[in-house]
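Right, one structure below, let's go through it.
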Amino acid sequence: LQAGEKGIPFIPMRGLIGSDLLKHRPDYQVIDNPLADGADPIVVLPAIVPDFALIHAPLADRLGNVWIGKARELMTMAHAAKRTLVSVEEIVDENLMADELRAPATIPAHYITALARATRGCWPIGLQGCYDLDADALAAYAQMARTPEGLDRFLHEGPQPAQPVAAE
């Protein structure tokens, strides 16, 4: 993702030479480091450029800026993806980019393709600072999703938190 984020075709990585990973990933290539004075093999990994990044975050503003808090990997995903679709717990009127404390953990609006409010949109997974993981609902899902019929029943009748709010 970091190569995709930077718009470069690959990224070098140390530590894979001699591992079995190279046997199973023909897209990982070993090249000679073009900046080294002597022999210096290095692995290059191809860029990952997702068609979509799907993100659920705590907060966004009406300008489309999305606050992700400590989840910095979401920033990398949004930068690397061709399109970024975001749902959030809350949309506020204030400009998050104007807030010195929130701006560093905010994805700027120009990386966001679409934004919608979806209260508890991460459920049954937890969202740090908002709500915890619902272990009972995940256990029910794991049990019911073993068959196509069970999965369909879970999606239509399964455990639910407080009535979900449709995305706005």
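Summary of values
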| quantity | calculated |
| --- | --- |
| Other-chain or far-sequence residues with amide H under 5 Å of Ile48's (modelled H) | Ala3, Gly4 |
| Simple spin-label estimate for Ile125 and Asp37 in nanometres, 7 Å along Cα-Cβ | 4.8 nm |
| For Asn33, distant residues with modelled amide H under 5 Å away | Asp40, Ile42 |
| Residues Thr119, Thr106, sorted so that the one with the fewest Cβ neighbours within 10 Å comes first | Thr119, Thr106 |
| Spin-label pair Asp152/Leu133, simplified geometry with 7 Å Cα→Cβ offset, distance in nm | 3.0 nm |
| Principal axis dimensions, largest first and in whole angstrom, of segment 6-90 by Cα | 54, 28, 22 |
| Backbone HN-Hα couplings from phi across segment 84-91 [Karplus 6.51/-1.76/1.60, Hz, Gly and Pro as x] | 10, 10, 10, 10, 9, 6, 8, 10 |
| Lysines with Cα under 17 Å of Lys6, excluding same-chain neighbours fewer than 8 positions away | Lys82 |
| Anchor Lys23: aspartates and glutamates whose Cα lies under 20 Å away (excluding residues fewer than 8 positions away in-chain) | Asp32, Asp40 |
| Pairwise Cα inverse-distance average, inverted: Kirkwood Rh of the chain (Å) | 18.9 Å |
| Separation between Cα centres of segment 61-137 and segment 139-153, rounded to whole Å | 29 Å |
| Contour excess over end-to-end distance, with Cα ends at Leu101 and Asp51 and 0.36 nm allotted per residue | 14.9 nm |
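Every read-out reported here was derived from the displayed coordinates using simple, explicitly stated rules and does not represent laboratory data. Predicted model only: the values in this text are computed from it and were never measured. Ideal geometry is used to build each Cβ from the backbone, glycine not excepted, and the neighbour counts take in all protein chains shown.
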